[in-house]
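Report on the structure given below.
Every read-out reported here was derived from the displayed coordinates using simple, explicitly stated rules and does not represent laboratory data. Keep in mind the model is a prediction, meaning the values are calculated, not measured. With ideal geometry, Cβ positions are generated from the backbone for all residues, glycine too; neighbour counts draw on all protein chains shown.
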Amino acid sequence: MTTAVDLPEPLVHPFAPAGRRDPYPAYRWLQTHAPVHHDRFSGMWLVTGHAACAALLRDARFSAALGQRERARDDRLPVSMLTTDPPDHHRLRAPGGLLLGPAALRSVAGGLRQDVDTVLSGLAARGGEPDAIEDLGTPLATAVFGRLFGLPPGEHAVFTDLARAASVNLDPMAPPAQAARGRLAASALTHYLDAHARALAERGDRTSPLAALAADGRLERHEMLGILSLAVIGGWQPLAETVGNGLLWLLPEGRAVRRRIAGDPEFARTCADELLRLEAPIPFAARVATESVELPGGRVPAGARVLAVIAAANRDPAVFEDPDRLVPDRTPNPHLAFGAGPHFCLAAALVRQVLPALLARLLTRFPDLRGPDLPPSFEPTLVPRRLTAFPLRLGPSDAPEPTEGP
Ligand code: HEM
């Protein structure tokens, strides 16, 4: 069924400011009544079923390069994996493995375990009711990029400011003035990373994944910098927000689940994936159909601007039993929070290493951790999906200064 129907009352359009805060009822309605839906509000085709999203993300007839240009309303985007389609995409993605592939992850794993405990010590030292995003997710995300990029702790504050300002570029519906500021910030970020990579090279410092990527001869300088900037804009804030989004779902769980996360690394990994499924920080992937394509649930015409609505697909009752409930040991869990196909998140393995480790250490050190009494609200941004705030009550610390991670 291919439709241009309107949502019935009292459902609010998922992109209208009020609908953005809780888009799931509207997504469920679309999934049931118009799974491939031409949306008059945005002019885009919203694809909400899991099978259709998984299919379109893997289908070469949908262009990510055109999707990014349309999404950012800018055809001068810096070249990167996400602004290219195969086969050129592969030329960029292969060296990108130097930044985020298995060897890179092994090289930063030990440091990241220490960073998690440093971040948790900072949280405890903060006093009062620290915020899950500002005081936990943000320093964690910066620590992760610090390791990948070889940034000394003294650079973390500068990097955080640049990453935060450039992250505005994630939101396709940012007002034009804000989007223009975001583009300037992205350019400042690129200059900073360029200078940093040069400084590492001049010192002969080859220890970080960034240095390995910068020294690789397969890419032009602007391509290498495009990949770094994509990693920051596409990864820094989503990683930070994932911590708040995840704790929102996790903290109502009782002792048994908390203890298992703290003590069973495999369970912690399974649970982290379930948190990503429920509140995907990147709720959409943008594409343009290069020809007319029949998808499960409807046909999109050639030239259609299409959104694979990951957040809807991840709660598709045809695939997930009890889709709106946290099932900490849900297996299998074919969620699409990291996308699918050629553009599958290059950092999925990194996130799957860092997030469970953080949750395990957090619940070991603060077994009585609680969220706010009042339900927190979501920002009206479309990307990333993020809470306005999530104050934490740490409770007594059981294990103040542990040194070993899971
Ligand atoms: C929880 C955090 C994260 C989530 C949910 C996430 C999600 C995603 C998604 C959905 C895509 C596919 C976009 C598309 O197909 O249009 C993607 C691509 C990508 N992500 Fe992530 N990401 C996260 C963190 C990161 C981090 C930390 C980094 C870098 C350090 C990163 C680097 C990338 C890159 C480079 C791509 C493009 C891959 C390609 O086009 O081949 N991501 N991510």
**OP:** Among Ala199, Ala348, Thr142, flag the residue with its Cα farthest along the positive direction of the charge dipole of the chain, charges on Cβ as +1 for Lys/Arg and -1 for Asp/Glu.
**Re:** Ala199
Subject >> Leu11/Asp88 FRET efficiency (R0 56 Å; Cβ-Cβ; nearest 0.05) >> reply: 0.85
Original post:
What is the distance, in nm, between label points placed 7 Å from the Cα along the Cα-to-Cβ direction at Asp368 and at Glu134?
Top reply: 2.5
Original post:
FRET efficiency for Asp22 and Ala103, Cβ-Cβ distance as r, R0 = 41 Å, nearest 0.05?
Top reply: 0.45
**OP:** Give me the number: length gained by fully extending Gln114 to Ser377, i.e. 0.36 nm times residue separation minus the C-alpha to C-alpha distance, one decimal in nm.
**Re:** 91.5 nm
Original post:
Tell me, what ³J(HN,Hα) does each residue in segment 28-44 have, in order and in whole Hz, if you take phi through Karplus 6.51 cos²θ - 1.76 cosθ + 1.60 with θ = phi - 60° and put x for Gly and Pro?
Top reply: 5, 5, 4, 4, 7, 9, 8, x, 10, 10, 7, 9, 5, 4, 9, x, 9
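As a test, work out the antiparallel percent of DSSP beta bridges whose residues both lie in the chain, rounded to the nearest 5.
Details: 16 of 21 bridges.
The antiparallel proportion sits near 75 percent.
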Original post:
Any idea what diffusion coefficient segment 286-406 gets from Stokes-Einstein, in µm²/s, Kirkwood Rh on alpha carbon pairs, 25 °C, 0.890 mPa s?
Top reply: 134
**OP:** Kindly write out, for segment 117-129 in residue order, the coupling ³J(HN,Hα) from the Karplus curve 6.51 cos²θ - 1.76 cosθ + 1.60 (θ = phi - 60°), rounded to whole Hz, with x marking Gly and Pro.
**Re:** 5, 5, 4, 5, 5, x, 4, 5, 6, 5, x, x, 10
Original post:
Mind listing the phi-derived Karplus ³J(HN,Hα) values for segment 195-200, rounded to whole Hz, using 6.51, -1.76 and 1.60 with θ = phi - 60°, and x for any glycine or proline?
Top reply: 5, 5, 4, 5, 4, 4
Subject >> For segment 2-365, with +1 on Lys and Arg beta carbons and -1 on Asp and Glu, the positive-most of Ala174, Asn333, Leu46 along the dipole >> reply: Asn333
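Is the C-alpha gyration tensor of segment 40-192 telling us rounded, prolate or oblate? Criteria: a/c under 1.5 is rounded; beyond that, a/b larger than b/c is prolate, otherwise oblate. Don't skip to the answer; put the middle values down first.
Numbers: a/c = 1.80, a/b = 1.50, b/c = 1.20.
Prolate, because a/c is 1.5 or more and a/b exceeds b/c.
Got a sec? How would Thr331, Thr381 order by Cβ neighbour count within 10 Å, fewest to most? Write out the running numbers ahead of the final one.
Values: Thr331 8, Thr381 18.
Lowest to highest Cβ neighbour count: Thr331, Thr381.
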Subject >> Sequence-separation-based contact order of the chain, relative, with Cα cut under 8 Å and 6+ spacing, percent >> reply: 25
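For a Förster distance of 35 Å, can you work out the FRET efficiency between the beta-carbons of Arg198 and Asp264, rounded to the nearest 0.05?
Details: r = 44 Å, r/R0 = 1.27.
Approximately 0.20, to the nearest 0.05.
Ranking request for peptides 173-184, 133-144: highest mean number of other beta-carbon atoms within 10 Å first, then the rest in descending order.
Values: 173-184: 13.7, 133-144: 23.2.
Going from most to least packed, we get 133-144, 173-184.
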Original post:
Taking 0.36 nm per intervening residue step and subtracting the Cα-Cα distance, what contour gain separates Arg61 from Gln178 on full extension?
Top reply: 38.9 nm
Original post:
Under a 5 Å amide H to amide H cut-off, with H placed in plane at 1.01 Å, what residues pair with Leu295 once short-range neighbours are removed?
Top reply: Val300
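Can you check how the C-alpha radius of gyration of the chain compares to 2.2 N^0.38 Å, as a plain ratio?
On the way: Rg = 20.8 Å, N = 406, 2.2 N^0.38 = 21.6 Å.
Dividing the Cα Rg of the chain by 2.2 N^0.38 Å gives 0.96.
With each run of n ≥ 4 DSSP H residues scored as -39500 (n - 2.57), what mean residue ellipticity at 222 nm is computed for the chain after dividing by its residue count and rounding to the nearest 500 deg cm²/dmol?
-16000 deg cm²/dmol
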Subject >> Prolate/oblate/rounded call for segment 143-273, Cα gyration tensor, a/c under 1.5 rounded >> reply: oblate
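Cα gyration tensor of segment 215-369, axes a ≥ b ≥ c as square roots of the eigenvalues: rounded (a/c below 1.5), prolate (a/b > b/c) or oblate? Mind dumping the intermediate values first?
On the way: a/c = 2.73, a/b = 1.36, b/c = 2.01.
Oblate, since a/c reaches 1.5 and b/c is not below a/b.
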